[in-house]
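The values are calculated or read from the model by the stated rules, or taken from the named source; none is laboratory data. The shown structure was predicted, so the numbers you read here are calculated from the model rather than taken from an experiment. Positions of Cβ are generated from backbone atoms using ideal geometry, with glycine treated the same way; all protein chains shown enter the neighbour counts. Ligands, DNA and RNA are stripped out before the accessible areas are found, and what is left, the full protein with its side chains, is counted by its heavy atoms. Shrake-Rupley method; radii C 1.70, N 1.55, O 1.52, S 1.80 Å.
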Amino acid sequence: MRLENWKFVHKTVNTANLASEVIARCQKLARYSEDAIGTRRTFLSPPMRDCHAEITKWLKAVGAEVSVDAAGNLRGYYPCAQPEAPRILIGSHLDTVPNAGAYDGILGVVLAVALLEMLEGRKLSFAIEVIGFSEEEGVRFGVPFIGSRALVGTLDAELLSRHDKNGVSVEKAIRDFGLNPAEISRAALRDDCLGYLEFHIEQGPVLENLGRPLAAVDAIVGQNRLEFVFAGRANHAGTTPMHLRHDALAAAAEWIVAAEDLARRTPGLVATVGSIDARPGATNVIAGEVHSTLDLRHASDSAGLQALEDLTRKAEASAAMRGVSVTWRTLLAQRAVPMDRFLTQQIEHAIFQAGCEPHRMSSGAGHDAMILAEKVPAGMIFLRTPGGISHDPAESVHLQDVASALECGMHLLEQLSSSQEFFTRTLRA
Ligand SMILES: [Zn+2]
């Protein structure tokens, strides 16, 4: 079943009006908060119930069957004409950080609902399941992706037994919300899922700098986080000549500048030393020991590892020339997650069809799409983020960019619905 008439029928929906409705809905959902001032909506907190109720109204109005799975994910199933047809998932997360903006995560869910509205009751060659993940930010339990992990079968007993600061476990939070943790396995993806699509704000300045509204995400970057300890010798700042010093802070400082320099020279690499602790930390004492962190990210694991090797060698060199020793330990090693190549190409084409110049970029932050990518082809579309500002009440989107995202989404659905390749690709699960 093709959507030959879509471009004609589509004219009956005013995209600009729908885009402003999308923005109004995001702002409305931002009022469902645990805090009297500002938006904070963590995993299965009371305002999440109100958020679900509001989105459920919109989903039911377009004929979707709505449910909440045992991991607290809101799911709206928009059927295909054939009952046995496969489905695609479109969504993002509904939880927020404290003092959040109105669009991180939520926009991806609200856009998915709006795409169903744009279909005006027409059915595609696949069913569409809109999904609002219960947890992505990791705020309440210190672990992210609780919602999407349930879909790939990794919401396990260890995760369920984690406690929040009030001593409530993930399992108890699920029960308190009226859900049954024993049914979590039923939330898992079935073998009828063709793929996962996620619209999300970029949360950075790249698209704004380029003057483009939308990007196709080709990978979620890999991350290496380490702690480095430079050990020299503390001594008197006045009486110790320069050539007889073992200055741990000077060694660390040279290495920090080298990390910045390497990242500036290496396309796609970002390197950050965000924390430094010099001991004993006095004006008139040469630093004897320095603890510092390194956060290194790249979309290619091999490029990331090469940079890591370069920087450990640099740390050794800048330490050795001062008679300082250096050790390091890994705090986090997370591999890069490529998005599905076919879906990324289709997204680029859909962006072009929506009248925008496509851009391809990697995501420096983690998203639900990287969890779903473990099981199904996943694709992501970024929207320009004014000022690059996110995780802040000043977070915003341009009305025209939201309209472009809707146009892009409809083109993408049309392309996929009529694509033989999309249907014949085998599931990775
Ligand atoms: Zn997000």
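Inspect all residues belonging to the stretch 388-399 and state whether any of them is under 17 Å from the mean Cα position of the chain (by Cα) and more than 20 Å from Gly101 (Cβ to Cβ).
no
Out of (1) touching a residue at least 12 places away in the same chain (Cβ under 8 Å); (2) assigned to a loop (DSSP other than H, G, I, E, B); (3) open to solvent by 10 Å² or more (accessible area, probe 1.4 Å), the odd one out for Arg149 is which?
(2)
Just a yes or no: is a residue in the stretch 317-327 closer than 18 Å to His246 by Cβ, open to solvent by 60 Å² or more (accessible area, probe 1.4 Å) and not in a strand (DSSP E or B)?
Scanning the stretch 317-327, I find at least one residue that is closer than 18 Å to His246 by Cβ, open to solvent by 60 Å² or more (accessible area, probe 1.4 Å) and not in a strand (DSSP E or B), so the answer is yes.
Enumerate the pairs (first residue in the stretch 362-377 and within 10 Å of the ligand (Cβ to nearest atom); second residue anywhere and modelled with pLDDT under 95 and open to solvent by 10 Å² or more (accessible area, probe 1.4 Å)) with beta-carbon separation below 7 Å, excluding pairs fewer than 6 apart on the same chain, so at least 6 apart or on different chains.
Every condition considered, the pairs that remain are Gly366/Pro144.
Can you pull out every residue in the stretch 52-74 that is in a strand (DSSP E or B) and under 22 Å from Val139 (Cα atoms)? Before you say what the answer is, go through the steps one by one.
Looking only at the stretch 52-74, we keep the residues that are in a strand (DSSP E or B), and these are 65-68, 74.
If the condition is that a residue be in a strand (DSSP E or B) and under 22 Å from Val139 (Cα atoms), then Val68, Leu74 are the ones that fit.
What strands (runs of 3 or more DSSP E) lie completely within the stretch 201-298 and have 3 or more residues being surrounded by 21 or more Cβ atoms within 10 Å (Cβ to Cβ) and of a type in the set (Val, Ile, Thr)?
Filter on the stretch 201-298 gives an empty set.
May I ask you to verify whether Arg49 is assigned to a loop (DSSP other than H, G, I, E, B), over 21 Å from the mean Cα position of the chain (by Cα) and closer than 19 Å to Tyr103 by Cα?
Working: assigned to a loop (DSSP other than H, G, I, E, B): no; over 21 Å from the mean Cα position of the chain (by Cα): yes; closer than 19 Å to Tyr103 by Cα: yes.
It is false that Arg49 is assigned to a loop (DSSP other than H, G, I, E, B), over 21 Å from the mean Cα position of the chain (by Cα) and closer than 19 Å to Tyr103 by Cα.
Matching residues to (1) away from the ligand (no atom under 15 Å from the Cβ); (2) among the charged types (D, E, K, R):
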position: Ile88; (1), (2): yes, no
position: Thr96; (1), (2): no, no
position: Gly108; (1), (2): no, no
position: Leu119; (1), (2): yes, no
position: Arg122; (1), (2): yes, yes
position: Ser125; (1), (2): yes, no
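Regarding the stretch 75-86, can at least one residue be identified that is in a strand (DSSP E or B) and closer than 28 Å to Ser390 by Cα?
Start the filter on the stretch 75-86 by keeping residues that are in a strand (DSSP E or B), which leaves 75-78.
After this cut, where a residue has to be closer than 28 Å to Ser390 by Cα as well, the list is 75-76.
Checking the stretch 75-86: at least one residue is in a strand (DSSP E or B) and closer than 28 Å to Ser390 by Cα.
Just name the residue that is nearest to Thr39 (Cα to Cα) out of those in the stretch 344-395 that are charged (D, E, K, R), open to solvent by 50 Å² or more (accessible area, probe 1.4 Å) and part of a loop (DSSP other than H, G, I, E, B).
In the first step, residues of the stretch 344-395 are kept if they are charged (D, E, K, R); the result is 348, 357, 360, 368, 374-375, 384, 392, 395.
The next check asks that each one be open to solvent by 50 Å² or more (accessible area, probe 1.4 Å); those that pass are 357, 360, 374-375, 392.
Imposing the further condition that a residue be part of a loop (DSSP other than H, G, I, E, B) reduces the set to 357, 374-375, 392.
Working: Glu357: 34, Glu374: 31, Lys375: 32, Asp392: 9 Å.
Going through the qualifying residues, I end up with Asp392.
Quick one: Trp255 ticks every box in (1) more than 16 Å from the ligand (Cβ to nearest atom); (2) under 23 Å from the mean Cα position of the chain (by Cα) except a single one, so which number is it?
Checking Trp255 against (1) more than 16 Å from the ligand (Cβ to nearest atom); (2) under 23 Å from the mean Cα position of the chain (by Cα), the one that fails is (2).
Only residues that are out of contact with any helix residue (DSSP H, G or I) (no Cβ under 6 Å at 6 or more places or on another chain) and not small (Gly, Ala, Ser): list them for the stretch 160-175, please.
Scanning the stretch 160-175 gives His163, Asp164, Lys165, Asn166, Val168, Lys172, Arg175.
I'd like the residue in the stretch 140-153 that is hydrophobic (A, V, I, L, M, F, W, C) and under 14 Å from the mean Cα position of the chain (by Cα) and, out of all such residues, is nearest to the ligand (Cβ to nearest atom).
Step one: filter the stretch 140-153 for residues hydrophobic (A, V, I, L, M, F, W, C), giving 141, 143, 145-146, 150-152.
The next check asks that each one be under 14 Å from the mean Cα position of the chain (by Cα); those that pass are 143, 145-146.
On the way: Val143: 15, Phe145: 11, Ile146: 14 Å.
In this case the residue turns out to be Phe145.
For the stretch 186-221, give me each residue that is more than 16 Å from the ligand (Cβ to nearest atom), touching a residue at least 60 places away in the same chain (Cβ under 8 Å) and not hydrophobic (A, V, I, L, M, F, W, C).
The answer is Arg186, Asp191, Asp192, Gly195, Pro205, Glu208, Arg212, Pro213, Asp218.
Identify all residues within the stretch 122-168 that are touching a strand residue (DSSP E or B) at 6+ places or on another chain (Cβ under 8 Å) and small (Gly, Ala, Ser); write none if there are none.
Scanning the stretch 122-168 gives Ala127, Gly132, Ser134, Gly147, Ser148, Ser161.
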